[in-house]
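Trainee: The structure follows.
The values are calculated or read from the model by the stated rules, or taken from the named source; none is laboratory data. Here the structure is a predicted model, which is why all the values come from computation and not from measurement. Here Cβ is always computed from backbone atoms with ideal geometry, including for glycine, and neighbour counts include all displayed protein chains.
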Amino acid sequence: MLDWSFWLLSVMSMLRACEFEVFGRVQGVFFRKYASNYAKELGVVGWVKNTDRGTVCGAVEGKEEAVDLFKKWLSTTGSPKSRIDRCLFKSEKPIANTSFTDFSIRR
């Protein structure tokens, strides 16, 4: 007999969401464009924008493996001319459904 609660929990844990903020030289170096392109390549949804503090912040949702790859990219790769000093992640949680339909650059 199939344990439905276990199945439901495993399905829900497949989707993850988190917010992020990237510090360093991340404005004026096409960071948002590269982030958006990579997010679309991975199939994750959310948004990214510049802040008045000179950082880039945003939110990402999608399959756990893809979100992990995006987080690694934010922390270590970025755009070719960027310099990432650190990346903070918060509000990471499993979700049942995504709340965005695509990945967008906010202004």
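Trainee: Given the conditions (1) surrounded by fewer than 18 Cβ atoms within 10 Å (Cβ to Cβ); (2) touching a strand residue (DSSP E or B) at 6+ places or on another chain (Cβ under 7 Å); (3) farther than 16 Å from Phe103 by Cβ, and given that Arg53 satisfies all but one, which numbered condition is not satisfied?
Mentor: All conditions are met except number (2).
Trainee: Any idea which residue in the stretch 12-30 is modelled with the lowest pLDDT, counting only those that are out of contact with any helix residue (DSSP H, G or I) (no Cβ under 9 Å at 6 or more places or on another chain) and closer than 23 Å to Thr98 by Cβ?
Mentor: The residue in question is Met12.
Trainee: Might you check whether a residue that is among the aliphatic types (A, V, I, L, M), outside any helix (DSSP H, G or I) and touching a strand residue (DSSP E or B) at 6+ places or on another chain (Cβ under 6 Å) occurs anywhere in the stretch 32-46?
Mentor: Yes, some residue in the stretch 32-46 is among the aliphatic types (A, V, I, L, M), outside any helix (DSSP H, G or I) and touching a strand residue (DSSP E or B) at 6+ places or on another chain (Cβ under 6 Å).
Trainee: Where residues in the stretch 64-107 are of a type in the set (Lys, Arg) and in a helix (DSSP H, G or I), which of them is surrounded by the fewest Cβ atoms within 10 Å (Cβ to Cβ)?
Mentor: Here the residue is Lys72.
Trainee: Something else about it: Could you tell me whether Asp85 is under 14 Å from Glu41 (Cβ atoms), in contact (Cβ under 8 Å) with a residue 60 or more places away in the chain and not aromatic (Phe, Trp, Tyr)?
Mentor: no
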